[in-house]
Number of protein chains: 2
Amino acid sequence: MTYVVGIDLGGTQIKAAAFSPAGDLLHRETHPTRDGDRVDGVPAWAHTIGGVLEAWTARFGRPERVGLAAPGMPAADGRSIAFMPLRMDGLEGFDWSAHLGRPDGVTVTNDANAALLGEVWQGAARGRRHVVLLTLGTGVGGAVLVDGGLLRGATGRAGHLRHISLDPRGQVGIMQTPGEIEELLGECSLAARSGGRFDTTRALLAAAAAGDLAAADVWAQSIRALACAIASYINVLDPEVVILGGGITDAGDQLWHPLERELDQVEWRPGGLRVPIVRAALGGWAGTYGAAAPALE
Amino acid sequence: MTYVVGIDLGGTQIKAAAFSPAGDLLHRETHPTRDGDRVDGVPAWAHTIGGVLEAWTARFGRPERVGLAAPGMPAADGRSIAFMPLRMDGLEGFDWSAHLGRPDGVTVTNDANAALLGEVWQGAARGRRHVVLLTLGTGVGGAVLVDGGLLRGATGRAGHLRHISLDPRGQVGIMQTPGEIEELLGECSLAARSGGRFDTTRALLAAAAAGDLAAADVWAQSIRALACAIASYINVLDPEVVILGGGITDAGDQLWHPLERELDQVEWRPGGLRVPIVRAALGGWAGTYGAAAPALE
């Protein structure tokens, strides 16, 4: 059969999906990343991805094209990740084209950018040309579409929406930004923000719903920070729509209702224009859609 | 003679400049804006600009093209300012093409965007494709170049760099943004930030240089906020260069030295990459260059 492959290499999971050229999902699989392990002299994740492609080739034939989404900054030629400090040892400069036996190339995309491309292809950003995407989970991710194309910037690091400062005197984040949104909203910082009482947004919200005022206050501050960050992105980037994805959007009305109230206060609405804030449509598989989407072009 | 005209309509001054098609400055004039006055049934600024063009036409012949820079958001067709609340009554929807007798059109550009286009044409952004420009004065202005073109966004409001939040609990600015950079750095907020002691950055810096620790602390907080804002722009927009203009850059080393020290702390520098922060080259006339630049194309 004729198909294309999108692979999303994450910190804990590898997701792989096969699509028809028209975009129908044909098959998908999940495997553990095993970051840090090595097999046959290569990182375990590279070995696993190679194995998936071999198995699919045996079952379905050789895929027409393969795209890969991964954390970090892609090289200028789009064939590897050039910069990914601290995690995923071996990923920087890893030659996917050689490893997967694809002399025609494997398109490598930043994972947040891939999620946005996926939403543009088949999700909440379909038909849009100016989009801000935020993923709210353990960390906070982001990507930006300008005039129908990914905002990449001079070196490929544009769209790192998590690294904006909401407090010049605040805690410094992984990339030096004081008081960044991840420190105010990401699940990774929840224990610190709640005096060690909560590890998950789910537990925090259950306590708030049960009348725990301290928990409610921690959440209210996160939502205020998120609304201010969204207002900032709107004023700088002027998107048609802001898309929120990631596990924290499972909070449902406990997220959307207070967020709308805060945006009523802090969003600049020239001539009454209000930017819609909508939920991502493809869930955790957006990255595979986006990794496959450029491969379809 | 063959020439093009760039006009910068500001809140207090109108600047008009004539350029050769090759970009040489041939002639320039300054007039008061007289915002709020009317002459012969039109706003005084429109009457003044009409008079300048009539006089130049009599002296130099009819200009080939005319471009205008003004505050607010240009209409989608680029022939008027569509949105400018609170100031410059009469500017919204004003038909420059009809008023100036230019049926071929008058290109209308946002003033900060024009300053950036001017710097691209003949200033500090020459040859650059990814640029962040900030003007630091009474207020704070901004504009962004992406892939060699102005970042306009879905409705033309992109690049409003002043309206980013650096404090979700801070003072709300003119467009609802809490703790925006203008409230932390703009001269308009200096009296409030200094307990009523200073109205100008010049006076503040003179006191700081003379050993006034309270003045030095106000300035240190402004510089910290500016460094954090610049770090945020860099992480979202990934420019090759950040250009600072406006009256506050007259502070010289009292601005640049502490700003560099703060950026050493808060700027994300992947692989050692450090984004140069440079001073605007065209001073207060950048807007006329930029207004004329699109008129040359």
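Points worth noting:
- Within 10 Å of the Cβ of each residue in B:263-270, the mean number of Cβ atoms contributed by other protein chains is 5.
- Springs join every pair of Cα atoms under 10 Å in this Gaussian network model of chain B, and among B:Leu25, B:Leu116, B:Leu282 the largest mean-square fluctuation is at B:Leu25.
- D_trans [Stokes-Einstein, Kirkwood Rh over alpha-carbon pairs] for chain B, 10 °C, 1.306 mPa s, µm² s⁻¹: 80
- Amide H contacts of B:Asp167: none lie under 5 Å away among residues 5 or more positions distant or on a separate chain (H built 1.01 Å from N in the peptide plane; Pro and chain starts excluded).
- Shielding by partners for peptide B:221-234, expressed as the average number of C-beta atoms from other protein chains within 10 Å of each residue's C-beta, is 4.
- Size of charge dipole - the range B:169-297 - debye, nearest 20, with Cβ of Lys, Arg +1 and Asp, Glu -1, no other charges: 180
- J(HN,Hα) series, the range A:198-205, from Karplus relation 6.51 cos²θ - 1.76 cosθ + 1.60, nearest Hz, glycine and proline x: 10, 10, 10, 4, 4, 5, 4, 6
- Residues whose amide H falls under 5 Å from that of A:Thr33, counting only those 5 or more places apart or on a different chain, are A:Gln13, A:Ile14, with hydrogens built in the peptide plane.
- When you filter the GluC sites (Glu not before Pro) in the range B:1-96 for DSSP loop state and at most 15 other Cβ atoms inside 10 Å of their Cβ, you are left with B:Glu64.
- Rounded FRET efficiency, nearest 0.05, which uses the C-beta distance separating A:Ser20 from A:His99 and R0 of 22 Å: 0.30
- Positive-end extreme of charge dipole, the protein assembly as shown - chosen from A:Gly93, A:Tyr289, A:Val66 (charges on Cβ): A:Val66
- Loop trypsin sites (Lys or Arg not before Pro), the range A:120-157 (other Cβ atoms within 10 Å of the site Cβ: 14 or fewer; DSSP): A:Arg126
- Mean Cα-pair separation over length for the range A:1-159, i.e. relative contact order, pairs under 8 Å, 6 or more apart, %: 16
- Share of pairwise Cα separations in the protein assembly as shown, more than 45 Å, in percent: 23
- Projecting 7 Å from Cα along the Cα-to-Cβ direction, the label point of B:Arg202 sits 6.3 nm from its equivalents in the other copies, listed shortest first.
- Basic side chains Lys and Arg get +1 at the Cβ, acidic Asp and Glu get -1 at the Cβ, and with that the dipole of chain A about its Cα centre reaches some 240 debye.
- Helices in chain A, meaning DSSP H runs of at least 4 residues, each add -39500 (n - 2.57). Divided by all residues, the mean residue ellipticity at 222 nm is -10500 deg cm²/dmol.
- Summarising the strand pairing of the protein assembly as shown, around 60 percent of its internal DSSP beta bridges are antiparallel.
- Centre separation in Å (Cα based) which lies between the range A:180-197 and the range B:164-182: 22
- In the calculated pair-distance distribution of the range A:26-155, the portion above 19 angstrom amounts to 56 percent of the Cα-Cα pairs.
- Approximating the spin labels as points 7 Å out from Cα along Cα→Cβ, the A:Gln171-to-B:Arg126 distance works out to 4.8 nm.
- A simple spin-label model places the labels of B:Trp256 and A:Arg87 4.0 nm from each other, with each point 7 Å out along Cα-to-Cβ.
- Size of electric dipole in the range A:6-81: Cβ of Lys, Arg +1 and of Asp, Glu -1, about Cα centre, debye, nearest 20: 80
- Converting phi to 3J(HN,Hα) with the Karplus coefficients 6.51, -1.76 and 1.60 and the offset θ = phi - 60°, the range B:207-218 yields 5, 4, 5, 8, x, 6, 5, 5, 4, 4, 5, 4 Hz in sequence order, with x at every glycine or proline.
- Estimated FRET transfer efficiency (A:Thr12, B:Glu64; beta-carbon r; R0 51 Å; 0.05): 0.25
- Candidates B:Gly41, B:Gly11, B:Gly245, ranked by Gaussian network fluctuation over chain B, Cα under 10 Å, top entry: B:Gly41
All of the numbers you see were taken from the coordinates with simple rules; none came from a lab. In this text the structure is predicted, and so the values were computed from the model without any measurement. Using ideal geometry, Cβ is built from the backbone for each residue, glycine included, and neighbour counts are taken over all protein chains shown.
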